[in-house]
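Colleague: Sharing a structure below in structure tokens format, with a few things to ask.
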Amino acid sequence: MNVKRSKGLTVARAAQSIGASVLIGLIFWQLENNLSGIQTRFFSSFLLVFTQFLFALLGVVNAFPAERAVFLRETQDKLYHPAAFYLAKVSVDTIMQCFFPILVVAISYPLIGLNGERADRVLWFYAIMAVCSNCGAGVGFMVSAAVPSVSLALSIAPGLVMPQLLLSGIFIKVGRRSLQPKLA
């Protein structure tokens with residue numbers, strides 16, 4: 001019911017995904033397909049996956065605080081079990097979170113010039129993006145269920161995202177010298 005009522009949020013999320021895909025695709029337009037372009041390809045892929053994670057997290061972080069009063073009233077009246085509410089919410093959101101990466105892959109993959117010669121590589125990239133999008137939604141659900149207000153959830157979410165960004169490995173320079181073992 002909420003998905004039907006909030007079509008604007010779905011359209012906004014689709015617009016975010018399309019806009020980010022076009023922007024990242026144009027920034028990393030047709031990258032070189034050689035050894036020197038690996039770091040740039042890695043960074044472009046990271047940006048695409050991270051934006052889907054972040055958009056999913058921020059898209060659902062207001063889920064439970066906004067519905068808390070209705071949920072508490074209906075569960076106290078024993079209209080349904082909390083597990084039924086959670087499973088219904090997560091099931092519908094999982095389907096939604098798997099849709100947006102399709103847009104991202106369809107737009108950015110050819111713009112960046114990632115390896116699209118084999119369909120399995122494109123499908124693996126989509127699968128990774130869909131899993132990361134659903135992980136972001138999971139973190140968003142966790143935050144929104146743990147706090148009483150949307151504003152508090154929105155202030156906590158960046159604190160959970162920053163360590164993931166900083167510890168992702170994207171900022172580590174990889175070269176021949178860093179791959180050699182260091183002897184004492």
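The values are calculated or read from the model by the stated rules, or taken from the named source; none is laboratory data. What you see is a predicted model; the values in this text were computed from it and never measured. Ideal geometry is used to build each Cβ from the backbone, glycine not excepted, and the neighbour counts take in all protein chains shown. Heavy atoms of the whole protein, side chains included, go into the accessibility calculation; ligands, DNA and RNA do not. Shrake-Rupley method; radii C 1.70, N 1.55, O 1.52, S 1.80 Å.
Colleague: Taking the stretch 138-153 only, how many residues are under 16 Å from the mean Cα position of the chain (by Cα) and more than 12 Å from residue 64 (Cβ to Cβ)?
Modeller: Going through the stretch 138-153 one residue at a time, the tally reaches 2.
Colleague: While we're on this one: Within the stretch 35-43, can one find any residue that is at pLDDT 90 or above, more than 30 Å from residue 148 (Cβ to Cβ) and out of contact with any Pro (no Cβ under 7 Å at 6 or more places or on another chain)?
Modeller: Step one: list which residues in the stretch 35-43 are at pLDDT 90 or above, which gives none.
No; the residues of the stretch 35-43 include none that is at pLDDT 90 or above, more than 30 Å from residue 148 (Cβ to Cβ) and out of contact with any Pro (no Cβ under 7 Å at 6 or more places or on another chain).
Colleague: While we're on this one: Given the residues 127, 137, 119, which is the only one that is among the aliphatic types (A, V, I, L, M) and farther than 26 Å from residue 39 by Cα?
Modeller: When all the criteria are applied, what remains is 137.
Colleague: Additional query: State yes or no: is residue 50 aromatic (Phe, Trp, Tyr), open to solvent by less than 50 Å² (accessible area, probe 1.4 Å) and modelled with pLDDT under 90?
Modeller: Criteria not met by residue 50.
Colleague: Let me ask something additional. Across the stretch 72-118, what is the total count of residues that are closer than 17 Å to residue 141 by Cβ, without any contact (Cβ under 8 Å) to a residue 24 or more places away in the chain and surrounded by 16 or more Cβ atoms within 10 Å (Cβ to Cβ)?
Modeller: Of the residues in that region, 1 qualify.
Colleague: Moving on. For the stretch 4-40, what are the residues that are touching a residue at least 40 places away in the same chain (Cβ under 8 Å), within 16 Å of the chain's Cα centre (by Cα) and either within 17 Å of residue 57 (Cα to Cα) or open to solvent by 40 Å² or more (accessible area, probe 1.4 Å) (or both)?
Modeller: Correct list: 9, 10, 13, 14, 17, 18, 20.
Colleague: Moving on to the next point. Evaluate the following for residue 148: is it outside any helix (DSSP H, G or I), over 30 Å from residue 30 (Cα atoms) and touching a residue at least 12 places away in the same chain (Cβ under 8 Å)?
Modeller: yes
Colleague: Ok, one more. Of everything in the stretch 125-149 that's among the β-branched types (Val, Ile, Thr) and either under 18 Å from residue 91 (Cβ atoms) or touching a Ser or Thr at 6+ places or on another chain (Cβ under 8 Å) (or both), which residue is most open to solvent (accessible area, probe 1.4 Å)?
Modeller: Per the stated criteria, the residue is 131.
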